[in-house]
Amino acid sequence: MITEARPLSQPNDDTRANGMIVTVTGPVASDKAGVTDAHNHLWVAAVDGMGPGLPQLTDQSGILDELVDYRKAGGRTQVDCQPGGCGRDGQKLLELSRASGVHVVACTGFHLERYYPPDHWLWGADIDKARVHFVREIAEGMEETRPLAQPVRAGFIKIACQPTVAASPAILIEAAAGASLETGALTGVHTEKGADAETIVALLQRHGIAASRLVIFHMDKRPDFGLHRDLAQQGILLEYDTFYRPKYRPEQNVWPLLESMVAAGLDRQVAIGTDMADRALWSRLGGGPGLVGLVTRIVPRLQEIGCTPATIKRLVGENITTRLVRAASHSNTSF
Ligand SMILES: [Zn+2]
């Protein structure tokens, strides 16, 4: 009797066809992802040899309580932007998601070098080694979770740029772009306050990444409406997250910018995040406004400035979650 080889993809793992996003607990239909924080940090472990003053988030019961508060307020999903090697713990993300009922999308890829131990292998890797590592984290599971019976998969790929593309790690950027093409996973780009975003976009497009498969983080720190309109009109998603940060003058910057984007009909190109790497922003860790602020502060303000329910739904969910559904990849491998 001839036994056919098992196909690589399992029927219940055809996340693309079913419009599913990959969360730490498994695939979730993107239209069930609900209110979503497009950029956050839910767990940041200490890293060996790390310099002083870098963020840490390791108070599991406080973080859990806060996720429960978020869910009770109507929040459903969090996008975690801490890649492996600089404090990510996929198992903790899984435990927090299970215990709170909040969906969590984790990432592979890389952050700025200063967040890693001094001799982390990634910074000496060649393109292939890094690309294969990123693909495995999407396809099989994040490195630190592979010993688990059910490894936990990453749901998108993060790239971190320095203030200029010239000063950014070309090898890792090319590796991440290759992994994104291979897996169809969304690429999310950390910018230093939006710096050199135009060049980053052009570089990734040369690597084959479509504008519609790109989200650029922290763009509201460079509140130049003309630039935002141009990037948005190309199909790029722009993430804004300075709402709670007086030093970025949200009343003068992010709010007017957001109003201009909505008025220009570009409400499909902006995603709202809160980027709470700093524990002072967590209400259960002694500060505020906490994860619930997305629902209790930002959404009411969007209503106040005249956003329609459809626009609000896009800004605090739909725009990021629809893009987290993996696109058709350039390889024949399906996961
Ligand atoms: Zn961040």
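Laboratory data are not the source of any read-out in this text; all were calculated from the coordinates shown. Since the structure is predicted, the reported quantities are computational estimates derived from the model, not experimental observations. Reconstructed Cβ throughout: ideal geometry from the backbone, glycine too, with neighbour counts over all protein chains shown.
Key figures for this structure:
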{"read-out": "Fluctuation leader among Trp282, Trp43, Trp121 - the chain, Gaussian network, Cα springs under 10 angstrom", "value": "Trp121"}
{"read-out": "Exposure proxy ranking, count of Cβ atoms within 10 Å, fewest first, for Ile157, Ile320, Ile209", "value": "Ile209, Ile157, Ile320"}
{"read-out": "Among 128-140, 54-66, the order from most to least packed when residues are scored by Cβ within 10 Å on average", "value": "128-140, 54-66"}
{"read-out": "Cβ-based net charge around Ile236, under 12 Å, with every Lys or Arg adding one and every Asp or Glu removing one", "value": "+1"}
{"read-out": "Over the chain: helical MRE at 222 nm, DSSP H runs n ≥ 4 each giving -39500 (n - 2.57), nearest 500", "value": "-8500 deg cm²/dmol"}
{"read-out": "Relative contact order (percent, whole number), the chain, Cα cutoff 8 Å, 6+ residue spacing", "value": "23"}
{"read-out": "Calculated P(r) of the range 203-335 - Cα pairs past 21 Å, %", "value": "44"}
{"read-out": "Antiparallel bridge percentage (DSSP; both residues within the chain; nearest 5)", "value": "20"}
{"read-out": "Across Lys32/Lys129; Lys129/Lys247; Lys72/Lys193; Lys129/Lys313; Lys247/Lys313; Lys158/Lys313, pairs whose alpha-carbon gap is larger than 30 Å", "value": "Lys32/Lys129; Lys129/Lys247; Lys72/Lys193; Lys129/Lys313"}
{"read-out": "Residue order, fewest to most beta carbons within 10 Å, for His39, His330", "value": "His330, His39"}
{"read-out": "Lys, Arg +1 and Asp, Glu -1 on Cβ, resulting dipole of the chain about Cα centre, debye, nearest 20", "value": "540"}
{"read-out": "In Å, descending, principal axis extents of the Cα set of the chain", "value": "68, 44, 43"}
{"read-out": "Residues Met261, Met219, Met50, sorted so that the one with the fewest Cβ neighbours within 10 Å comes first", "value": "Met50, Met261, Met219"}
{"read-out": "Under 15 Å from Lys92, Cα to Cα: aspartates and glutamates that are on another chain or at least 8 residues apart", "value": "Asp59, Asp65, Glu66, Asp80, Glu143, Glu144"}
{"read-out": "Amide H contacts under 5 Å for Met142, placed H, 5+ residues apart", "value": "Val152, Arg153, Ala154"}
